[in-house]
């Protein structure tokens, strides 16, 4: 086990377990994390620039306002994490558009931005997505199961085959988003009617 405070830039870490690390002023550049696990770590406002996270798992970690500029994430899994205010567009995204590169379960991602990113088959399950920006994002076959999408922005978003089962508080304009074969459940699905030029009466 390695203490987070001992981490440094331009290093390679394979199969390491990092746990119960306290908040600090972490600024790591050009390091590789491969098949590492992070549990109960406080990375709030940390800086990870030009780093690589391959097959890593984060559990009960705080990464709010984390700076991921130029960093790569491949098959990264987040469980019960706090990820408020992260601009995911600053990360480095593969031109190969690898599906399922991010998975979130029971996480808080309020005020985050995924603007224009290739996120097909990614998962946001039982998450809080208040005011998260999915504008022009490719979320084909993505999962938003049981997530709270209050004021989340879906605009010109590719939601072909996406699954919104048990999701709620979403506002999706059927004319401005691709929702073919997407899954919705009643009664929440009635919110889709709001974009239609119709009047609904009891």
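I'd like to verify a number: residues in segment 1-23 that are assigned to a loop (DSSP other than H, G, I, E, B), modelled with pLDDT under 85 and surrounded by 15 or more Cβ atoms within 10 Å (Cβ to Cβ), how many?
2
Answer yes or no as to whether residue 127 is surrounded by 17 or more Cβ atoms within 10 Å (Cβ to Cβ) and at pLDDT below 95.
Details: surrounded by 17 or more Cβ atoms within 10 Å (Cβ to Cβ): yes; at pLDDT below 95: no.
No: the conditions fail for residue 127.
Name the residue that is nearest to residue 41 (Cα to Cα), counting only residues in segment 82-115 that are in a loop (DSSP other than H, G, I, E, B) and in contact with a helix residue (DSSP H, G or I) (Cβ under 7 Å, 6 or more places away or on another chain).
Per the stated criteria, the residue is 112.
Can you pull out every residue in segment 38-68 that is closer than 25 Å to residue 121 by Cβ and under 16 Å from the mean Cα position of the chain (by Cα)?
53, 54, 55, 56, 57, 58, 59, 60, 61, 63, 66, 68
For segment 168-181, check the following and say yes or no: at least one residue is closer than 22 Å to residue 126 by Cβ and under 17 Å from the mean Cα position of the chain (by Cα).
Yes, some residue in segment 168-181 is closer than 22 Å to residue 126 by Cβ and under 17 Å from the mean Cα position of the chain (by Cα).
Can you name every residue in segment 169-198 that is touching a strand residue (DSSP E or B) at 6+ places or on another chain (Cβ under 6 Å) and either outside the structural domain of residue 135 (by TED's automatic domain parsing) or not in a loop (DSSP other than H, G, I, E, B) (or both)?
Result: 178, 183, 188.
Please find, among 138, 79, the residue that is buried (at least 17 other Cβ atoms within 10 Å of the Cβ) and modelled with pLDDT of 95 or more.
On the way: 79 fails: buried (at least 17 other Cβ atoms within 10 Å of the Cβ).
Within the list 138, 79, the selection yields 138.
The values are calculated or read from the model by the stated rules, or taken from the named source; none is laboratory data. Being a predicted model, the structure only gives us computed values, none of them experimental. Here the Cβ is made from the backbone with ideal geometry for all residues, glycine too, and neighbour counts use every protein chain on show.
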